[in-house]
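Report on the following structure.
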Amino acid sequence: MLWPVLIAFVALVTLWLMWMWAREARREGTRLSPALLASGLLVPILAVGLYGVRGFHPDTAEWVDDVRTLEPMARQLAAGETPDSVAEGVTAPRLARVLQRELARSPSADGWYALGVLYGELEVPQLAVESARKALRLDPDSLSNQLLLAQGLMGEAGGRLTDEAGDLLDGILARYPQHDSAWLMVGLGAMQSGDFKRAEQAWEALLERHGDSQIATMLNQNLEQARSQGAAQQYFAELSVDVTSATPVADGGTLFVFLQRAGESGQPLAARRLLVQHLPQQVSLRAEDWLQAYPAPDTELVVGARYAPSAAAGVGEAQYQAAPQPWRPGASVTLELLPPQS
């Protein structure tokens, strides 16, 4: 559709300019030669051709078509209205960029909210957060905007309940103690963050309202998981080891301590990276160092360590290694780093 319109427009402009040129030439008492007329026609033809070869972006036609077909829908979303119809073949990315264009010209809280929802569907949490913040600035009391921002912040954090998201949800629950969506977000986010006490409170609050519903089984499972993980977190709370070296090592390096199931390799259950000024060093594995769910208390575990003299080294660059040792609560474990084998 774009090229026929462009060609027709260039043709009309060219003919008008040629007519003006010929009219002025007659006023001056001169006659345009065929060569001059040909050059006058050739220049716009070459310009259009050059634009088609070098200057025309391949996505321009699609963008122009999107604006033409989706602009009415974008205007309705920006006005907080339900679109009368959905254009055939419309996708979230196409609608999002047309809606963003509309909001750049006429910003609205409803429009920014709709754009934030679209970015959430597209799994772009940073842009969802930015849109939610703009919606909240225009309508600070909107419950939907607050939930959207909390959801986006948790998306940025990989599902964890950040301080800001937690404050937003706590504020909502202070006003609406029975808000299911807020409790659900708190429960899921707290589980991801390792705050199992808070997750337990969320699942209990939901069970009070939905204990006889179809989702009661799922809520009870979540509650049991929160309780068992909370107990395991307490069980592993005192996990610490002493790391020393069989030979002198350069100070100011990077120490890695990890915990995994006996006989397993790959991603550890927990790991901590820290800069140390010297060895020996006592290292504790904290709740935030856990990379996987807590294992059952009777699981056979081993703890190991690696060391790199460089402060910017990764675990793959650690030349000094300590053989993994069994770990049990209350037991004193010392890991001795050995130099690289020559």
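For the reader, a short list of remarks on this structure follows.
- Working from label points 7 Å from Cα in the Cα-to-Cβ sense, the A104 to D65 distance is 2.2 nm.
- In the range 113-208, the portion of solvent-accessible area held by carbon and sulfur atoms comes to 49 percent [1.4 Å probe, whole percent, DNA, RNA and ligands not counted].
- Gyration tensor (alpha-carbon) shape descriptor, the range 186-342, a/c threshold 1.5: prolate
- Mean separation of Cα contacts under 8 Å, 6 or more apart, over the residue count of the range 133-248: relative contact order %: 17 percent
- Pairwise FRET efficiency - E164 versus S240, Cβ, R0 = 22 Å, nearest 0.05: 0.10
- In the context of the full set of protein chains, residues of the range 81-146 present 56 Å² of accessible surface per residue (probe radius 1.4 Å, heavy atoms only).
- The range 167-229, relative contact order in percent, only Cα pairs under 8 angstrom and at least six apart counted: 27 percent
- Solvent-accessible area, 1.4 Å probe, carbon plus sulfur percent, for the range 219-304: 45 percent
- Cα centroid of the range 138-191 to Cα centroid of the range 217-245, whole Å: 25 Å
- Among 225-237, 251-263, the order from most to least packed when residues are scored by Cβ within 10 Å on average: 251-263, 225-237
- Quotient of C-alpha Rg and 2.2 N^0.38 Å, computed over the range 208-267: 1.99
- Descending semi-axes in Å of the range 284-335, equivalent ellipsoid built from Cα gyration tensor: 24, 15, 10
The values are calculated or read from the model by the stated rules, or taken from the named source; none is laboratory data. Because the structure is predicted, anything quoted here is derived from the model rather than measured. We place every Cβ from the backbone using ideal geometry, glycine too, and count neighbours over all the protein chains shown. Ligands, DNA and RNA are excluded from the accessible area calculation, which covers all protein heavy atoms including side chains. Shrake-Rupley method; radii C 1.70, N 1.55, O 1.52, S 1.80 Å.
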